[in-house]
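The values are calculated or read from the model by the stated rules, or taken from the named source; none is laboratory data. Everything numeric in this text was worked out from a predicted model, so none of it was measured. Neighbour counts run over all protein chains shown; Cβ positions are idealised from the backbone, glycine included.
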Amino acid sequence: MNATPAGALPASIDKTLDLLADADYLADRSLATVLFLALRMGRPLFLEGEAGVGKTEIAKVLAATLGRRLIRLQCYEGLDVASAVYEWNYAAQMIAIRLAEAEGTGDRERVSEDVFSDRFLIKRPLLQALEPDTSGAPVLLIDEIDRADEAFEAFLLEVLADFQVTVPELGTVKAENPPIVVITSNRTREVHDALKRRCLYHWVGYPSAERELSIVHAKVPGIADRLSREVVHFVQALRKEDLFKAPGVAETLDWASALSELDVVALDPATVSDTLGVLLKYQDDIARLEGTKAKEMLDQVRAELRAAE
Amino acid sequence: MADHQTEAKGNAGRLAENIVYFARALRAAGIPVGPGAVLDALAAVRAAGVGTREDFYWTLHAVFVKRHEHSALFDQAFRIFFRRRAYIERLMAMMMPQAPVPAAAPAKIVSQRVQEALFSGLSEKARREQPEIEVDARLTMSDREVLQTKDFAQMSAAEILAAKSAIARLVLPLDEVRTRRLAPMNRGHVIDMRRTLRSSLKAGGKLIDLKYLGRRTRMPPLVALLDISGSMSEYSRLFLHFLHAVTDARKRVASFLFGTRLTNVTRALKARDPDDALAACSAAVADWSGGTRIASSLHAFNKRWARRVLAQGAIVLLITDGLERDPDKSLAFEMDRLHRSCRRLVWLNPLLRFDAFEPRAKGVRTMLPYVDEFRPIHNLESMAELCRALSAAGGRAGSLRRWLDAA
């Protein structure tokens with residue numbers, strides 16, 4: 001099989017899977033399909049899912065494997081055009097106006113034209129993403145869009161539909177090569193349908209035990225075989241419990257590397273309860289596993305693993 | 001037959017046709033699929049160069065599904081639609097009324113919505129049989145829940161009119177919170193360099209007239225949890241009208257109904273016409289006028305919805321009489337969690353209409369310590385009162401003390 005040449009987009013769903021696997025991102029086929037389509041059709045990819053399932057990571061991996069520039073826009077409440085798209089360099093503009101005055105060439109029309117030119121424009125992530133790049137169109141990551149307010153969402157519509165922004169003083173800036181857009185959301189509120197309609201949607205779920213095990217092996221290289229299997233199956237069992245916040249893949253990896261650092265070779269109830277804070281982030285959830293509960297779960301996991309052997 | 005090219009072309013045409021039919025079925029099943037999405041689907045199928053069934057599945061999924069909740073509906077629709085070749089033909093036969101319908105019963109029971117959407121073209125008799133099976137299946141689920149879907153048409157005309165006009169006359173809450181978003185303001189706290197520079201350029205750059213930005217205010221989201229159990233049945237219909245009026249006037253309102261289970265009716269209440277909205281609600285709810293399980297309903301809300309609807313300083317209206325069948329520690333726990341995750345928790349209790357009401361019931365006493373406000377809601381006057389209280393931050397929170405002392 002020919003490997004995908006650097007910088008070029010993958011030619012099939014299988015190639016997309018390989019591409020992600022090269023960067024140690026082990027995706028399932030549904031994710032590879034939607035990603036391939038997004039790249040092929042030039043549509044933004046909208047990823048929703050619980051925290052810590054690797055949504056943001058996809059954009060990073062894409063940028064790294066395709067050799068593109070990664071431009072990240074972290075959303076927050078109150079995010080506005082001045083910090084997301086562009087801002088004028090007011091200090092420099094003031095100086096330019098003063099200089100024009102001092103020189104006596106105070107033609108008002110000309111001064112205002114000079115002052116609102118490309119030279120005084122500070123480009124923020126969205127505008128940067130529309131600019132041509134030598135290594136190909138960049139990857140634009142709009143992270144945690146649910147944190148921004150609705151007003152910002154409405155603004156994004158123009159950017160995502162036509163890959164252009166309008167700066168009143170300059171005119172419309174349109175991307176020659178549309179960037180690869182990845183939008184993530186933790187679903188702390190519903191994102192408007194109008195925005196989702198322009199994207200390909202995918203819900204990133206928790207991986208299966210088998211895939212999670214491969215992820216652990218890929219990301220925590222030195223880990224003992226037995227420990228990794230116990231860790232993964234314990235976490236999988238935890239997700240079935242009635243927890244307020246189930247641990248994500250990120251937590252599994254944190255836990256695996258923490259235990260690996262502690263030179264643990266196999267799980268025991270004491271270690272589990274000592275390190276539970278790495279996995280669970282709510283006191284109520286931790287309290288549920290106190291006492292004999294952790295031991296029971298561990299015994300069950302062991303029994304299952306033994307049966308599988 | 002011999003001409004392979006024509007055959008291939010014909011197949012491509014059929015695929016397009018199938019996708020169009022499939023989109024139509026999805027739409028009828030409740031997944032909003034526009035004509036644009038159909039074109040996208042065709043482009044996507046062509047781009048992906050569909051090989052396996054799985055790839056085909058996820059390709060259509062990528063284009064048609066825009067919400068996680070729709071995944072299950074899509075899955076079922078896909079399984080029925082593309083199960084067998086014969087099935088596709090059967091389905092197309094149904095779409096075209098003049099063709100004879102081959103008789104075959106679906107082997108598996110799937111969601112009623114999907115089933116109805118796919119078989120809406122079936123003959124009258126077959127259609128009548130379908131719901132009967134469904135009703136039987138429902139009755140076996142639980143004998144404690146009264147699983148009947150109450151028809152809002154039964155509401156007397158006079159009743160509707162009186163409620164509608166009175167509720168329309170209500171001045172709806174105008175509670176505002178300050179956001180981090182800035183807007184031009186005369187007495188703001190941040191200098192707006194952009195406008196300042198523009199206006200000084202107008203004056204030739206000699207004068208610098210400072211312009212300001214201030215924090216914009218916005219109505220916080222409102223979340224209503226409405227008890228529709230038997231003991232509340234006299235009120236719940238009117239409250240639904242109230243919620244509809246509020247949903248109409250405010251941008252972000254999420255409404256939930258609970259009896260023995262929790263149902264999200266936010267979308268249903270968005271219909272412009274109150275009758276349509278209430279009919280949609282009534283269709284969505286299965287446990288109308290049954291028992292109450294406040295603790296488990298609150299648990300479901302806290303776990304599944306709280307993080308999705310309580311962001312950005314939401315106010316929660318909890319409308320219930322608090323008559324929990326067997327209140328225990330979990331009720332206090334869930335109330336505490338709810339209270340900690342929202343900005344203000346207002347409990348509206350129709351039982352407060354009795355002057356001699358005392359918080360004797362154990363459920364009421366368990367819940368009281370966790371609410372910010374406790375108010376009556378049993379007639380239009382108290383609804384108006386509520387609106388006034390929501391407008392002024394804090395309201396008359398002092399009234400809570402009286403109940404807490406009594407408890």
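Among the residues making up the stretch A:18-43, those that are farther than 14 Å from A:Lys55 by Cα and crowded, with 21+ Cβ neighbours inside 10 Å are A:Leu19, A:Thr33, A:Phe36, A:Leu37, A:Ala38, A:Arg43. Among the residues making up the stretch B:33-66, those that are in a loop (DSSP other than H, G, I, E, B) and modelled with pLDDT of 85 or more are B:Val33, B:Gly34, B:Val65, B:Lys66. Of the residues screened, B:Ala279 is one that is in the same structural domain as B:Gly363 (by TED's automatic domain parsing), at negative phi, small (Gly, Ala, Ser) and in a helix (DSSP H, G or I).
Residues in the stretch A:137-151 that are more than 27 Å from A:Ser117 (Cβ to Cβ), under 20 Å from the mean Cα position of the chain (by Cα) and not charged (D, E, K, R): A:Val139, A:Leu141, A:Ile142, A:Ile145, A:Ala148. Pull up the stretch A:128-155, narrow it to residues that are among the aliphatic types (A, V, I, L, M) and under 22 Å from B:Ala183 (Cβ atoms), then point me to the one that is surrounded by the most Cβ atoms within 10 Å (Cβ to Cβ). Within the stretch A:128-155, the match that is surrounded by the most Cβ atoms within 10 Å (Cβ to Cβ) is A:Ala148.
Under 30 Å from A:Leu280 (Cα atoms), aliphatic (A, V, I, L, M) and more than 12 Å from chain B (Cβ to nearest Cβ): is that true of A:Ile58 in this structure?
Values: under 30 Å from A:Leu280 (Cα atoms): yes; aliphatic (A, V, I, L, M): yes; more than 12 Å from chain B (Cβ to nearest Cβ): yes.
Answer is yes for this residue.
For B:Phe301, the conditions (1) assigned to a loop (DSSP other than H, G, I, E, B); (2) over 12 Å from the mean Cα position of the chain (by Cα); (3) over 15 Å from B:Ser229 (Cα atoms) all hold with the exception of (1).
Considering B:Thr247, B:Thr263, which residue is in a strand (DSSP E or B) and of a type in the set (Val, Ile, Thr)? Answer to the selection: B:Thr263. Whether any residue in the stretch A:79-86 is closer than 27 Å to A:Pro125 by Cβ, surrounded by 18 or more Cβ atoms within 10 Å (Cβ to Cβ) and acidic (Asp, Glu) is what I want to check. Yes.
Pick from A:Val111, A:Val61: which is farther than 18 Å from A:Gln128 by Cα and in the same structural domain as A:Pro168 (by TED's automatic domain parsing)?
The conditions single out A:Val61.
For the stretch B:198-214, a residue qualifies if it is modelled with pLDDT of 85 or more and surrounded by 15 or more Cβ atoms within 10 Å (Cβ to Cβ), and the qualifying residues are B:Lys211, B:Tyr212, B:Leu213, B:Gly214. Considering the stretch B:292-334, and only residues there that are among the hydroxyl-bearing types (Ser, Thr, Tyr) and buried (at least 23 other Cβ atoms within 10 Å of the Cβ), the residue that is nearest to the other protein chains (Cβ to nearest Cβ) turns out to be B:Ser297. Examine the stretch A:64-77 for a residue that is in contact with a Lys or Arg (Cβ under 8 Å, 6 or more places away or on another chain) and part of a helix (DSSP H, G or I), and state whether such a residue exists. Taking every residue of the stretch A:64-77 in turn, none turns out to be in contact with a Lys or Arg (Cβ under 8 Å, 6 or more places away or on another chain) and part of a helix (DSSP H, G or I).
Selection of first residues in the stretch A:148-160 that are closer than 16 Å to A:Ala82 by Cβ and of second residues that are β-branched (Val, Ile, Thr), restricted to Cβ pairs under 6 Å at least 6 apart or on distinct chains, gives the following pairs, ordered by first then second residue: A:Val159/A:Val165. In the stretch A:289-309, how many residues are within 17 Å of A:Ala224 (Cα to Cα) and outside any helix (DSSP H, G or I)? Number satisfying all stated conditions: 1. In the stretch B:194-213, the residues that are closer than 16 Å to A:Phe116 by Cβ and charged (D, E, K, R) never reach a residue that is at pLDDT below 75 and in a loop (DSSP other than H, G, I, E, B) with C-beta atoms less than 6 angstrom apart, at least six apart or across chains. Filtering the stretch A:266-288 to residues that are in a helix (DSSP H, G or I) and within 14 Å of chain B (Cβ to nearest Cβ) leaves A:Gln283, A:Asp284, A:Asp285, A:Ala287, A:Arg288.
Just checking, which of B:Arg198, B:Arg252, B:Arg261 is touching a Lys or Arg at 6+ places or on another chain (Cβ under 9 Å) and outside the structural domain of B:Gly290 (by TED's automatic domain parsing)? Even if it seems obvious, please write down each step before you answer.
On the way: B:Arg252 fails: outside the structural domain of B:Gly290 (by TED's automatic domain parsing); B:Arg261 fails: outside the structural domain of B:Gly290 (by TED's automatic domain parsing).
That would be B:Arg198, the only listed residue that is touching a Lys or Arg at 6+ places or on another chain (Cβ under 9 Å) and outside the structural domain of B:Gly290 (by TED's automatic domain parsing).
Scanning the stretch A:172-190 for residues that are assigned to a loop (DSSP other than H, G, I, E, B) and either charged (D, E, K, R) or surrounded by 22 or more Cβ atoms within 10 Å (Cβ to Cβ) (or both) gives A:Glu176, A:Pro179, A:Arg187, A:Arg189, A:Glu190.
Identify, from the list B:Thr52, B:Thr59, the residue that is surrounded by 15 or more Cβ atoms within 10 Å (Cβ to Cβ), within 11 Å of chain A (Cβ to nearest Cβ), without any contact (Cβ under 8 Å) to a residue 60 or more places away in the chain and of a type in the set (S, T, N, Q).
Numbers: B:Thr52 fails: surrounded by 15 or more Cβ atoms within 10 Å (Cβ to Cβ).
Sole residue among the options that is surrounded by 15 or more Cβ atoms within 10 Å (Cβ to Cβ), within 11 Å of chain A (Cβ to nearest Cβ), without any contact (Cβ under 8 Å) to a residue 60 or more places away in the chain and of a type in the set (S, T, N, Q): B:Thr59.
Looking at the stretch A:155-171, is at least one residue away from chain B (no Cβ under 12 Å), modelled with pLDDT under 85 and not in a loop (DSSP other than H, G, I, E, B)? The answer is yes, given that some residue of the stretch A:155-171 is away from chain B (no Cβ under 12 Å), modelled with pLDDT under 85 and not in a loop (DSSP other than H, G, I, E, B).
A:Val191 meets the conditions (1) under 25 Å from A:Leu289 (Cα atoms); (2) not assigned by TED's automatic domain parsing to the domain that holds A:Ala303 in every case but one. The failed one is (1).
Would you please name the residue that is surrounded by the fewest Cβ atoms within 10 Å (Cβ to Cβ), looking only at residues in the stretch B:29-38 that are away from chain A (no Cβ under 11 Å) and at negative phi? Before you say what the answer is, go through the steps one by one.
Within the stretch B:29-38, the first condition is being away from chain A (no Cβ under 11 Å), and the residues that meet it are B:29-31, B:35, B:38.
Filter once more, keeping what is at negative phi: B:29, B:31, B:35, B:38.
Working: B:Ala29: 23, B:Ile31: 23, B:Pro35: 9, B:Val38: 20.
Looking at the filtered set, the residue picked out is B:Pro35.
With respect to the conditions (1) closer than 30 Å to A:Phe234 by Cα; (2) touching a residue at least 60 places away in the same chain (Cβ under 8 Å); (3) of a type outside the set (Lys, Arg), A:Leu213 falls short on a single one, namely (2). The residue that is nearest to the other protein chains (Cβ to nearest Cβ), among those in the stretch B:188-197 that are surrounded by 15 or more Cβ atoms within 10 Å (Cβ to Cβ) and not acidic (Asp, Glu), is B:Met193.
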